[in-house]
Every structure is written in structure tokens, then in C-alpha cells.
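> Next up is a structure, given as C-alpha cells.
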Amino acid sequence: MATSVLTAIAVIPPPALWPRLQAVRSVHDPAYGRWPPHLNLLFPFVAPSALSASTDTLKSALAPLSPFTVSLTGVGQFATRRGGYVYAKPSSASDAPFAALYAALAAAFPECTKGHRSAFQAHLTLGRAEETAAIDAAAADAVAGGGLAWPVEGVYVLRRTENEPYAFDDYVPFGGGRGALWDPFGLVGTTYTATAKAKARVTEPAMADWSAGVADWSAAPSTSVPRSAVQRGGRGGRGGRRGGSARSGGGSNSRSGRRSKAEELSEHHLVESSRYDSPF
């Protein structure tokens, strides 16, 4: 089965916790305009045309799992050829449940883990470490004082089209069942919209060796976007609402609707798989 950078499986924190994370991402994360705050599990995932066919497999893979609590309590860094990235790190209490979740998904969709060469580590990326002292201080402030904790009861299926931000296409809970009726945050059927102008420094990605599974982050939108955290009308899941997805900027070629070759080959979070297993 072919994989696609237009889809992903991720754990999403509740929108009520987004402001502290977005305050850092809006300044430091080039992908701020395209990705919501997230902890990716499988990326790339299956082709958009195969999402419906993958639902039963995904549901079966998650059926044996139980809810667990994740708490972002620390800050870490990982390196790529284009520099370091800073992320919010879950406490060790969620290591085992995250490992079990990833193992279940990897067994169900092995084609989506090709090139993963080290142990999976859950993380929520906050930005590039070009100005290490500044982002370290901002990231530490974001997680200081606690409160960034929530129960994980399932996963979100994300989908986008070309230069659009990701839409919350579906939600699949642990223990069986699926669809918007199970969605704890009411996100299915909405499209992510950044809450402020993305101020992160954006550079044109270098051509990547796609065949080796190595690519750098894509350039994020740098134009102004609506203020709402999410907007209705994204390409919703089977249990969500459907409608035309709204634009929130785009890549460097968003006005023409075309993407450069570098953008096509370089997608957010496909970092050096030989260095870090979580290519997202």
C-alpha cells in the first residue's frame, strides 16, 4: 500500500491546552500554519483515497488498547541535517502506553514505518532550534507549572490537500467504535487554522533524498490566517461534517496553487530517520 504525506495518525491535545503551545510554535515552528499541536504516530500514512479502506484495520488495531494519561513535563531536542528541533516531552509514565500504541499501529500498517530505524519516542514539536537559548526558554516556560495533561482515549486521522492545513478527518477510539460521536474535542469535520500570523523563520527546503526516507521540513505559510483555532467545513470523517476546506495561507507558491519540486519532496517532520525514529 502506498503512503502519503497528505495523511497522518496523531494524538491531539485538547484545544484548551493549545494557547501555551501555540505561543511558542507561532514564533519558532515553520509548520505552525499547517499542523495543529500534535504527537504524530504514523506519518506518512496511507493515500487519501485509501483512508476509508483502512478504517477497519485501524479500528481493530486500537480495539485492545486502553485509555491513558499523557502529561507534557519536559523539553528535549533532536537533530536533523538542517539543524535541531525542540519538543515538549511526555512524562515517563506514558512511555509504556505510547510504545504499545505505536507497536499496534506499526503491526497494522508496516508500510508506514519503513525507514524507522530507532525506538519510537512520543514528542510534540515546538520549533526549530536556530536560536537555541530563546526557544529553550520559551519551551521551558510553556511546560513549567504543569497542567499540560489530558486523557488519551483514541487517535485522530489527519488529512490535507496540497498546500492546505490539515483537517481532522476522523477519530478512532481505543476499545472499538469510531467516528465523530466518539470525538472528545469535537474536532472531526473541522480544519486546523493557526491562531496568529506564523512568525517562524522559513527557508526553502533543500532537495531531499526521498528514496532514502530523508527529508526536511516544508516551508510553512507566512501569510495572515483567520483567528479561530479551527473552522468548520474541512473534509470531515465519515461521522463528521463535510464541506470545502478553507485556505489558511499555503506554501511559498500558494498563490499559483503550484508547489516547487523541493516542497513536493520535503514535508514537515520527515526528519533523518537514521537519527530519530519519529519522522514527524
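The values are calculated or read from the model by the stated rules, or taken from the named source; none is laboratory data. Values in this document were obtained by computation on a predicted structure and should not be read as measured data. Note that we place each Cβ from the backbone using ideal geometry, even for glycine, and neighbour counts take in every protein chain shown. The protein model used for the area step is the full one, side chains on, heavy atoms only, and it has no ligands, DNA or RNA in it. Shrake-Rupley method; radii C 1.70, N 1.55, O 1.52, S 1.80 Å.
> Pull up segment 81-114, narrow it to residues that are among the polar types (S, T, N, Q) and touching a residue at least 24 places away in the same chain (Cβ under 8 Å), then point me to the one that is most open to solvent (accessible area, probe 1.4 Å).
Taking segment 81-114 first, the residues among the polar types (S, T, N, Q) are 91-92, 94, 113.
If we keep only those that are touching a residue at least 24 places away in the same chain (Cβ under 8 Å) as well, we get 94, 113.
Numbers: S94: 1, T113: 27 Å².
The selected residue is T113.
> Would you check if there is a residue in segment 65-80 being without any contact (Cβ under 8 Å) to a residue 12 or more places away in the chain and small (G, A, S)? Give the steps one after another, and end with the answer.
At the first step, the residues of segment 65-80 found to be without any contact (Cβ under 8 Å) to a residue 12 or more places away in the chain are none.
Checked segment 65-80: no residue is without any contact (Cβ under 8 Å) to a residue 12 or more places away in the chain and small (G, A, S).
> Which numbered condition trips up A122, out of (1) farther than 19 Å from L158 by Cα; (2) not in a helix (DSSP H, G or I)?
All conditions pass for A122, except number (1).
> Does T73 count as outside any strand (DSSP E or B), surrounded by fewer than 23 Cβ atoms within 10 Å (Cβ to Cβ) and out of contact with any Asp or Glu (no Cβ under 6 Å at 6 or more places or on another chain)? Full working, then the answer.
Values: outside any strand (DSSP E or B): no; surrounded by fewer than 23 Cβ atoms within 10 Å (Cβ to Cβ): yes; out of contact with any Asp or Glu (no Cβ under 6 Å at 6 or more places or on another chain): yes.
Answer is no for this residue.
> Does G186 count as assigned to a loop (DSSP other than H, G, I, E, B) and over 27 Å from V24 (Cα atoms)? Step through it out loud before you land on a result.
Working: assigned to a loop (DSSP other than H, G, I, E, B): yes; over 27 Å from V24 (Cα atoms): no.
Against the criterion (assigned to a loop (DSSP other than H, G, I, E, B) and over 27 Å from V24 (Cα atoms)), G186 does not qualify.
> Residues A167, A104, A144, A134: which one is modelled with pLDDT under 95 and within 27 Å of P67 (Cα to Cα)?
Working: A167 fails: modelled with pLDDT under 95; A104 fails: modelled with pLDDT under 95; A134 fails: within 27 Å of P67 (Cα to Cα).
Answer to the selection: A144.
> Considering only segment 1-22, state which residues are under 10 Å from C112 (Cα atoms) and open to solvent by 50 Å² or more (accessible area, probe 1.4 Å).
Scanning segment 1-22 gives M1, A2, T3.
> Report, by residue number, each residue of segment 137-174 that is open to solvent by 30 Å² or more (accessible area, probe 1.4 Å), closer than 27 Å to V5 by Cβ and not in a loop (DSSP other than H, G, I, E, B).
none
> So A47 clears everything in (1) hydrophobic (A, V, I, L, M, F, W, C); (2) buried (at least 21 other Cβ atoms within 10 Å of the Cβ); (3) over 19 Å from A142 (Cβ atoms); (4) in contact with a Leu (Cβ under 9 Å, 6 or more places away or on another chain) except one condition, right? Which one?
(2)
> Same structure again: Does W35 count as of a type in the set (F, W, Y) and either out of contact with any strand residue (DSSP E or B) (no Cβ under 9 Å at 6 or more places or on another chain) or in a helix (DSSP H, G or I) (or both)?
Values: of a type in the set (F, W, Y): yes; either out of contact with any strand residue (DSSP E or B) (no Cβ under 9 Å at 6 or more places or on another chain) or in a helix (DSSP H, G or I) (or both): no.
No: the conditions fail for W35.
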